[in-house]
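First the structure, in the form of structure tokens, and then the observations on it.
The values are calculated or read from the model by the stated rules, or taken from the named source; none is laboratory data. Just so we're clear, the structure is a prediction, and the values are computed from it rather than from any experiment. We place every Cβ from the backbone using ideal geometry, glycine too, and count neighbours over all the protein chains shown.
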């Protein structure tokens with residue numbers, strides 16, 4: 001049976017840590033001057049994949 005291949009789009013977007021899967025934060029790419037500093041500070045904090053989606057992301061990353 002052939003090896004499972006990693007979904008390359010998922011590999012670029014997610015990083016598997018010990019217990020959770022890290023993801024990027026939305027609304028951080030452009031038009032940053034009009035967004036409040038408080039909001040930008042909150043968006044800087046680490047974001048994780050929701051528990052209901054984590055199984056699908058793990059399958060895409062070929063990790064356990």
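Details
- Region 22-40, subset surrounded by fewer than 10 Cβ atoms within 10 Å (Cβ to Cβ) and closer than 26 Å to residue 57 by Cα, residue nearest to the chain's Cα centre (by Cα): 26
- Leading residue by the ranking (farthest from residue 41 (Cα to Cα)) among those in region 1-28 that are in contact with a strand residue (DSSP E or B) (Cβ under 6 Å, 6 or more places away or on another chain) and assigned to a loop (DSSP other than H, G, I, E, B): 20
- Criterion (touching a residue at least 12 places away in the same chain (Cβ under 8 Å), surrounded by 10 or more Cβ atoms within 10 Å (Cβ to Cβ) and in a helix (DSSP H, G or I)) met by exactly one of 43, 59: 43
- Remark: pairs (first residue in region 1-19, within 17 Å of residue 55 (Cβ to Cβ); second residue at pLDDT below 90 and surrounded by 10 or more Cβ atoms within 10 Å (Cβ to Cβ); Cβ separation under 6 Å; 6+ apart in sequence or on different chains) = 16/63.
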